[in-house]
Amino acid sequence: MVLTAMSESDLKLKNAPIVEALVEIDCDLPAGTLLAELEEPARQAFDGSYPQMRIQQKIQGEIRDRPDEVPAFSASPWELSAFQFFQVDPVQVVQVREQGFSFNRLRPYTTLDDYMPEIRRCWNLYRQIATPQLVRAIRLRYINRILLPVQGAVNFDQYFRIGPKIPDEEGMDLTGFLNQYSAIERDSGHHILAILTAQPVEEPCWPVILDITVGTTESHDADDLPWIEDRIRSLRRLKNDVFRRTLTESCLSLFQHSKQDLA
């Protein structure tokens, strides 16, 4: 399948199924920088617009399974991985991460153009407190929750150009699926990871998650904001291409003519 350029205006949907959009910028910090040292400067920088903070931690575990031995599990101590700053409502989240910076937007979502000024402002605040030296990767992730009408057996070919198949459609009823692929766009070198998976049926609908991540691993000066914004918009164009070419016109019409319950 050949993907062609598509603007976000081509995908202007009355009731878009997006439940979360995420912009991630991975970068190198000055040598010796510890994430814990950024807590107070980050709290002061984001307190006005994002007054609620949560600390995110991670743990790594290992299972050792050797012949003639009882399997053993070991885990490292909890480690700090991010500071998350929330709005009061909390539909927007800014993260100061171990690897860099993130901006999350939950529903309701309008268009990336509406959030770019805030992404720019928050990135500049992050630059002031963390002084990143080099951008290593940029990713956009969009999670869509699509509610398919349940009227007997669902014909997924009606809604998805790339969808689930079972070996005997006459004698079997599909009860769940998980489709995943990764790809590289030849012209730009951008990476694509797309996941299509079913959630449990919620009469009268069958929710399906379409999770699209697009990214670039180009390295560049962290102070070059025009370059960063250009890459974000290029990734947005690719995300739209993947979204549009995954869904049929019948599926897209669900977002134009009916209210998608995104609960």
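The values are calculated or read from the model by the stated rules, or taken from the named source; none is laboratory data. Not measured: the values here are computed from a predicted model. Cβ atoms come from the backbone with ideal geometry, glycine included; neighbour counts cover every protein chain shown.
Data table
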read-out: Condition check for T248: within 27 Å of N15 (Cα to Cα), touching a Leu at 6+ places or on another chain (Cβ under 6 Å), surrounded by fewer than 19 Cβ atoms within 10 Å (Cβ to Cβ) and modelled with pLDDT of 95 or more; value: no
read-out: Y109 being part of a loop (DSSP other than H, G, I, E, B) and either modelled with pLDDT of 95 or more or in contact with a helix residue (DSSP H, G or I) (Cβ under 9 Å, 6 or more places away or on another chain) (or both); value: yes
read-out: Residue within the stretch 111-119 that is loosely packed, with under 13 Cβ neighbours inside 10 Å, within 19 Å of the chain's Cα centre (by Cα) and in contact (Cβ under 8 Å) with a residue 60 or more places away in the chain present; value: yes
read-out: Leading residue by the ranking (surrounded by the fewest Cβ atoms within 10 Å (Cβ to Cβ)) among those in the stretch 202-218 that are under 15 Å from R145 (Cβ atoms) and acidic (D, E); value: E202
read-out: Candidates I184, I166 - the one that is without any contact (Cβ under 8 Å) to a residue 24 or more places away in the chain, β-branched (V, I, T) and out of contact with any strand residue (DSSP E or B) (no Cβ under 7 Å at 6 or more places or on another chain); value: I166
read-out: Neighbours by Cβ (under 8 Å, 6+ apart or cross-chain): first from the stretch 190-216, over 21 Å from L22 (Cα atoms) and free of Cβ contacts under 8 Å to residues at least 60 places away in the same chain; second part of a loop (DSSP other than H, G, I, E, B) and small (G, A, S); value: A198/G176
read-out: Scan of the stretch 222-239 for residues that are of a type in the set (D, E, K, R) and either surrounded by 15 or more Cβ atoms within 10 Å (Cβ to Cβ) or part of a helix (DSSP H, G or I) (or both), ordered by number; value: E229, D230, R231, R233, R236, R237, K239
read-out: Selected residue [in contact (Cβ under 8 Å) with a residue 40 or more places away in the chain, surrounded by fewer than 14 Cβ atoms within 10 Å (Cβ to Cβ) and not in a loop (DSSP other than H, G, I, E, B)] from N144, N104, N124; value: N124
read-out: Complete set of residues in the stretch 141-184 that are of a type in the set (A, V, I, L, M, F, W, C) and either touching a Gly at 6+ places or on another chain (Cβ under 9 Å) or at positive phi (or both); value: F156, F177
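Okay, residues lined up against (1) in contact with a Lys or Arg (Cβ under 6 Å, 6 or more places away or on another chain); (2) surrounded by 14 or more Cβ atoms within 10 Å (Cβ to Cβ); (3) of a type outside the set (S, T, Y):
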position	(1), (2), (3)
Y159	no, yes, no
M172	no, no, yes
P200	no, no, yes
H220	no, yes, yes
D241	no, yes, yes
